[in-house]
Amino acid sequence: MESEREDFNLSGPLHLTFVDWSNAHHRRSVAASLVQAVYILERDRQLKRQHPIALAPPWWEFFHFKLLRKLVDDADHCIFGAIYEYRPPTPHGHQSLDASPRYVIAFRGTLTKPDSFARDIELDLHIIRNGLHETSRFEIAIQAVRNMVAAVGDSNVWLAGHSLGAAMAMLAGKTMAKNGTFIPAFLFNSPFFSAPIERIKDKRVKHGIRIAGSVITAGLAFASKRNYSSQQAGSRSVADPFVALSSWVPCVFVNPGDPICSEYVGYFEHRKKMDEIGIGAIEKLATQNTLGGLLMSAMGRDSEPLHLIPSAVLAVNLSPAQDFKEAHGIHQWWRPDLQLQSNIYKYK
């Protein structure tokens, strides 16, 4: 069963015989397939599957990509990412490649296999404590992104990732955006660790809990930043990094049946509702902070909450999922019958 899900001819988006890069479904499907290829690259390595029995190549070759480089973790030597180059055939007719990437940097999520599981779980724990930016795997990833952008320009590069890999791509995109470089990103089931408020059915209760949480978080954030602001009062050169992020609009794909990522729905909808009832200033401050991050800052520890972003194209999969595995899986994102609801959120 596992090898069938890894076999492109059995599980891949074979319906995409022609890729229209202006089509959002096509772009999402290709990005998800390139992420899936990273999973299978690592499985090929673990199982010593080499040409001609390797299963990974069709996942990029079908869309006319070439594997340029594997990204390898320095701790356990597993493959966690890949850099692909788009090499299309000679265009026919009026086919436009304007919306296509030249390069895609993709990152896989956690693999529950002995050869990589321990390291992946360690990194998952770093996400929970907002410390992924301190890991050597991220250093390898961000250096690869910087090198590629320096060589070909940010408009020619896409980022893509799933689960742990989406967190890696999210952090890389945020890091670049803070310096004015905005890279298109496709983030599938990106982790958003918080209380599972989105799973509460009663809308009034859910909204009340979110308002209370916003007021508490905003109050603590205001208190903790007041001293910092007084220290910076004489300087006008200090920029708000959250405002700097507002021009970066990643595509965030979530399934409401997946508790790992479902809180993104409430995160953006709640800010919209707070603006509508006239207390958006509280939510503006609350959405820039987490209680855990504030606590770590008070203890003098560096914290980088991954999920805090002001802008996104949020795409929610409304198709019913049989279980958590399906709701969290990468395969859902290239289904031709996907019931997707998309909204654009842009805040500062």
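Could you tell me whether any residue of segment 29-44 is free of Cβ contacts under 8 Å to residues at least 12 places away in the same chain and charged (D, E, K, R)? Please lay out each step first, then the result.
Of the residues in segment 29-44, the ones free of Cβ contacts under 8 Å to residues at least 12 places away in the same chain are none.
Within segment 29-44 (the criterion being free of Cβ contacts under 8 Å to residues at least 12 places away in the same chain and charged (D, E, K, R)), the answer is no, since none of the residues qualifies.
Return yes when PHE186 is farther than 25 Å from ASP74 by Cβ, open to solvent by less than 40 Å² (accessible area, probe 1.4 Å), touching a helix residue (DSSP H, G or I) at 6+ places or on another chain (Cβ under 7 Å) and at pLDDT 95 or above and no when it is not.
Details: farther than 25 Å from ASP74 by Cβ: yes; open to solvent by less than 40 Å² (accessible area, probe 1.4 Å): yes; touching a helix residue (DSSP H, G or I) at 6+ places or on another chain (Cβ under 7 Å): yes; at pLDDT 95 or above: yes.
Yes: the conditions hold for PHE186.
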Item checked: Boolean, ASP115 is farther than 20 Å from PRO57 by Cβ, in a helix (DSSP H, G or I) and at pLDDT below 95 -> yes
Item checked: Test for LEU125: is it within 24 Å of VAL157 (Cα to Cα) and among the aliphatic types (A, V, I, L, M) -> no
Next item on the list: Out of the residues in segment 1-14 that are in a loop (DSSP other than H, G, I, E, B) and farther than 23 Å from TYR103 by Cα, state the one that is least open to solvent (accessible area, probe 1.4 Å).
Entry: ASP7
Check: Out of the residues in segment 17-50 that are in contact with a helix residue (DSSP H, G or I) (Cβ under 6 Å, 6 or more places away or on another chain) and part of a loop (DSSP other than H, G, I, E, B), which is least open to solvent (accessible area, probe 1.4 Å)?
Finding: VAL19
Check: With (1) assigned to a loop (DSSP other than H, G, I, E, B); (2) surrounded by fewer than 20 Cβ atoms within 10 Å (Cβ to Cβ); (3) in contact with a helix residue (DSSP H, G or I) (Cβ under 7 Å, 6 or more places away or on another chain) as the list, and ALA99 as the residue in question, which single condition is left unmet?
Finding: (3)
Check: Pick from GLY109, GLY161, GLY153: which is free of Cβ contacts under 8 Å to residues at least 24 places away in the same chain and closer than 19 Å to ARG69 by Cα?
Finding: GLY153
Notebook entry, point to check: Here are ALA167, ALA106, ALA172, ALA141: which of them is in contact with a helix residue (DSSP H, G or I) (Cβ under 6 Å, 6 or more places away or on another chain), surrounded by 14 or more Cβ atoms within 10 Å (Cβ to Cβ) and not in a helix (DSSP H, G or I)?
Noted result: ALA106
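The values are calculated or read from the model by the stated rules, or taken from the named source; none is laboratory data. Fair warning: this is a prediction, and the values are worked out from it, not measured in the lab. Because the Cβ atoms are built from the backbone with ideal geometry, glycine has one as well, and the counts that use them run over all protein chains shown. Surface accessibility is based on the protein's heavy atoms, side chains included, excluding ligands, DNA and RNA. Shrake-Rupley method; radii C 1.70, N 1.55, O 1.52, S 1.80 Å.
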